[in-house]
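To start, the structure itself, in structure tokens.
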Amino acid sequence: MNEQVWRLLPLMSASGEVQMAIDLWLLQQHKQKQHPPTLRFYTWSEATISVGYHQKDYPSFWHELTWQGKPLQIVRRPTGGRAVLHQGDLTYAVIASFERGKRLEVYQQICQFLMTGWRSLGLHLSYGKDTSSYRDQDNCFATATSADLITATGAKVIGSAQLRQGKAILQHGSMAIATEPELYTQVFAQPAPQPIKNLLPNSVNFSTAKISEVLTKAASQCFKINLIEQPLSAAEWQDIFTNCPSLTY
């Protein structure tokens, strides 16, 4: 990465459709050299299932599920991978340019800041290993690939996905902070991943704002960059809604 100054978007809560539109717009703008590399963290204002771009099929009953009286939203990510339930998680997104190289090498370049940040909070993570069963699953967190981060016991707690357009790359991923087990079981008929909050020392000040702050500092160190916080302007919001297609089912 040659750029030394990156943009940091403030922590944001919005619908899945809006969040995916923002990520895709940032990638398109960066690819066209109209926007600097960007780091952002966000949460999902409604319980949502995001489906990987190449994931052809998923259970039809997902459209019938509700949470707290509202239907679960289903959106398609612009990136690959399998389905993720976004409820009680924290999502990160990195949009930057990399010299063309192996996919896994880029994943690990980016994921280093996640490992560094969580280690400073007392959680040591390592990479998973690719398995042949990954594509047989609807659920992203059912298996851990070499692009995912796992605990010492093998529990997957961060799943990531990429979209590459030339040298420009969007990588975003879900950090399983505190997903509601009942809802997770309804969606995937599997036990929920162990919440990250249960893996940290009791002394840790645990909030999405604090985690975002720690991971932002780690990104500055790992990427050797200056992060300048700047929210989206009214003109940028207009451009996002004008140029990014709906990704809702």
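Data for the structure
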| item | result |
| --- | --- |
| For L183, L200, L104, order by how many other beta-carbon atoms lie within 10 Å, fewest first | L104, L200, L183 |
| Cα gyration tensor, the range 29-104 - rounded (a/c under 1.5), prolate or oblate | prolate |
| Likely footprinting exposure, F98, F141, fewest C-beta neighbours within 10 Å first | F98, F141 |
| For the chain: relative contact order, % (alpha-carbon pairs under 8 angstrom, 6 or more apart) | 26 |
| Selected from P59, P71, P193 as most flexible by GNM, with the chain as the system and alpha-carbon contacts under 10 Å | P59 |
| Modelled label reach - E182, point 7 Å along Cα→Cβ, the range 61-90 residues with backbone N closer than 16 Å | 65-72, 87-88 |
| Longest exposed-site-free window of the chain, the sites being GluC sites (Glu not before Pro) in a DSSP loop that have at most 15 other C-beta atoms within 10 Å | 100-249 |
| Shape of the range 118-232, Cα gyration tensor, a/c cut at 1.5 | oblate |
| Gyration tensor verdict on the range 5-243 (Cα atoms; rounded if a/c is under 1.5, prolate if a/b is larger than b/c, oblate otherwise) | rounded |
| Unit charges on C-beta of K, R, D, E only; dipole of the chain, Debye | 720 |
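No lab work stands behind these numbers, since they all come straight from the coordinates. In this text, all values refer to a predicted model and were calculated from it rather than measured experimentally. Cβ sites come from the backbone with ideal geometry, for glycine too, and all protein chains shown count toward neighbours.
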